[in-house]
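The values are calculated or read from the model by the stated rules, or taken from the named source; none is laboratory data. Worth saying up front: this structure is predicted, and the values here are computed from it rather than measured. Neighbour counts run over all protein chains shown; Cβ positions are idealised from the backbone, glycine included. SASA here: full protein model, heavy atoms, side chains in, ligands and nucleic acids out. Shrake-Rupley method; radii C 1.70, N 1.55, O 1.52, S 1.80 Å.
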Amino acid sequence: MEKFIAIFGGLIFACLNICVVFIRIVIKKKLQLLDWFLLSLGLFNGIGFGFVLWATHVGRNYAKFSYWLLQYDVQMIFIYLLSNIVLGSSVYIGWHLSIANSSKKSLKLKMNIEYKEIVSIAWISFFIGFVCYWLYARAYGGFSGALLYSRAVRAGISSVDNPYSFLRPFGNLSYFASYTFFGAIIDRNKMDIKTTKKSLLLIGFCFSFVFSIYVLYEKLGRFSFITFFATFGLAYVILNYDVIGKFVIRCVIFFVSVFCLLLVSDSLLRGSSSRLNLIELLAKELTFPFVGYINQILKGNYRWFSDIIFTPLFILPQRFWGRILNIETASSYNTFIIEGSRKGQGGVTGELPVDLLTLGQMQASIFGVLFVGLIFGYILWRVELKVNQIPFIGVRAVIYSNVIINIAARTVLYGDPEHIVVRNFELIIGFILISLFRRISLKSKKAPFT
């Protein structure tokens, strides 16, 4: 009975989200970040929820967590789906509150930055990323040595005390450089810009792209691997359509391609797909949000929005907020609740991430879900506004594609504020660099002639 209610209820929830998005498309004639979030919420927490409970009840899921998933009785299934309705509605309200709080001038504002400056930012991002990762890798014997220690570092059991471990996130700037070079190449062709040689742009893109592949492989992150390649594919979809119907069709093709990429990356980085069939693999990968939610419901220990308050600190090295301030992330606490130990302790080599719904539940039950949704919706519109202010269509499309995947979509499954900051580290630093260039450029233009 439970599996059928979960499947039917999940489909209804997904269809509700699709209807909302369809109405918005008819009105807006485009998809915005809110729409991508609602579609992802319906897919993962609606269809995905029903699929995982079905797979568990028929014995096709990961045995370790089956006990927790079987705790979803009819009442808990309704609570879970209603909580998702609250989350989706609060994000929708937060988005429109943010719009109401924006001036009409800001909606049409474009960044005062030149094409040459965008290209310079791409080169600077690449060099910073390369040098920082070189310094980080020295403790392991260089770039090749870092590959040998990568699994131990990811599991939190590395025996090497690396004083430059705080530089590791800066390697992600090579991603931002790749996106920017790729977008700049598109803009040079579409906008007929001749101020920068195309050969230099291609060299910059090749260097940053190849180094990005190394960083992705060293970090062993499948979803980061997928996100990197999917960003270019989605940017192509966004840039090449004339009617919304074609756009939707190409998005479907894009999602099928991403799914295939998931299987390939899983085989390359972990190899679990060789041991599991397709149903078991998908059920295993989608299980953790529902295990985390049921555990937090049953435990009822609230964190009273501390995860939201500490979010800005996660841009700093983990040694500062983790060791000095003794701040524990939501995912670390979630892992402790479920596994009995934290990552790197008691034989636990992985962390159980917190999805956005569970994050809200951890703060203050349904009131936490409501508040987290409002905050996320408010910020989501601000991000939409900021990216749309980029004056170059190619660069804007590539960065917007990355934001769709990394913020609007992935946050549904990976809602821990620390995870959000870390996986968007390159975007945060990239926009800081853009802001610095804009200020320098404005000052130079205002300076009197000598």
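Structural remarks
- Criterion: of a type outside the set (Lys, Arg) and within 24 Å of Ile379 (Cα to Cα) - qualifying residue of Ser89, Ser120, Ser66: Ser89
- Boolean, Arg168 is surrounded by 16 or more Cβ atoms within 10 Å (Cβ to Cβ), under 22 Å from His419 (Cα atoms), at pLDDT below 90 and not aliphatic (A, V, I, L, M): yes
- Among the candidates Trp123, Trp134, the residue that is closer than 18 Å to Ile213 by Cβ, within 26 Å of the chain's Cα centre (by Cα) and open to solvent by 30 Å² or more (accessible area, probe 1.4 Å) is uniquely Trp134.
- Qualifying residue in the range 413-425 (condition: in contact with a His (Cβ under 9 Å, 6 or more places away or on another chain) and under 14 Å from Pro289 (Cα atoms)): no
- Of all residues in the range 151-171, those satisfying the criterion of being part of a helix (DSSP H, G or I) and in contact (Cβ under 8 Å) with a residue 24 or more places away in the chain are Arg151, Arg154, Ala155, Ser165, Phe166, Leu167, Arg168, Pro169, Phe170, Gly171.
- The set of residues in the range 304-328 being of a type outside the set (S, T, N, Q), open to solvent by 40 Å² or more (accessible area, probe 1.4 Å) and either under 11 Å from Met362 (Cβ atoms) or assigned to a loop (DSSP other than H, G, I, E, B) (or both) consists of Trp304, Phe305, Ile308, Phe310, Leu316, Pro317, Leu325, Glu328.
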